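K.L.:
Here it is: the structure, laid out below.
The values are calculated or read from the model by the stated rules, or taken from the named source; none is laboratory data. This one's a predicted model, so the numbers in the text were calculated from it and none came from an experiment. When we count neighbours, we look across all protein chains shown, and the Cβ atoms used for this are built from the backbone with ideal geometry, even at glycine. These accessible areas exclude ligands, DNA and RNA; they are computed on the full protein's heavy atoms, side chains included. Shrake-Rupley method; radii C 1.70, N 1.55, O 1.52, S 1.80 Å.
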Amino acid sequence: METLHIHAEKLTTKHYIGLFVSIITVTLAFVSYFNSQLSAISVCIMVVLVAVVLLLMIKVINTPCISFTLTFMHCQYHSRYGGWTTTWHNIAHIGHATLGSQGWHSSLPWIGIRLKNYDDFIRNICPRVASRILLEQRILLIMALKSNPDSPHQLEDMLFDDSPFTTQNGEQIRGLQAMLANRMRYNRALLGFDFFIADDVIDRPIADFIGLLRRYKAAA
C-alpha cells in the first residue's frame, strides 16, 4: 500500500455555523451603530469589507493539516500537540465505538483501536497527546460506567489511576504514561477498545475511515 496522508479540516460544520452567526451579529451591530452617521452606500461597503476580512480569516485558519499518515508498516497520528504511532501488526481490532445498555448498542462518534501490546505505544506517545487523550476521552469512560453500574471500579479510581504499569519485559513505567496504560485497560474492559479516534480529525465518514484502516492493516 502506498503512503497516504490524511488532511483533516480544522473547522467542522458546527464551527462554520458559529462563525456565520458571529458574522451576522457583527454586521448587524455595525449597521445599527453607524446607520445614523453614514450614508447607505458607505454602510454597505463597510459591511462587505468586514465580511470579506472575516471570510479570509476563516480561509487561513481552516487550511487543511495532516492528521494521519498511513504507510504499509504503521499508522501515525499528527497534531499540534504531538502524536502517536503504532504498527499495523500491533493492532488487534479497529471498529466503531458503541455504548451498550440493556442489550441495546448506540454508535458513538469515535473509532476504537485495540492493541495487542501496549509497550511500544506507551513508550513512544508524546506526553502532551497522552494528556489530551486522558482528558478528552474520559467522557467515554464516564458514559460506559453509567451504562454498567455493576462495574467493580469507582469512577475516580479509573480516571486517576497512576499505579505503575509493568511491561511484558518487566520494566515498570510510572507517571503520565502509566496513567494512560491503566486508562486503556479500563477502556478495554468497559468499551472493548484501548483508545479512540474522534470523528473531527478524519476526512471522511467513520465507516469509510474504518474501512481504510482495515485495508492497510490487511495489506501489512
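K.L.:
Mind giving me the FRET efficiency for residue 3 and residue 49? R0 is 35 Å, r the Cβ-Cβ distance, nearest 0.05 is fine.
P.N.:
Details: r = 43 Å, r/R0 = 1.23.
The computed FRET efficiency comes out at 0.20.
K.L.:
Another question, then. Express in Å², to the nearest 10, the accessible area of residue 48 obtained by rolling a 1.4 Å probe over the protein heavy atoms while all chains stay in place.
P.N.:
Number for this one is 90 Å².
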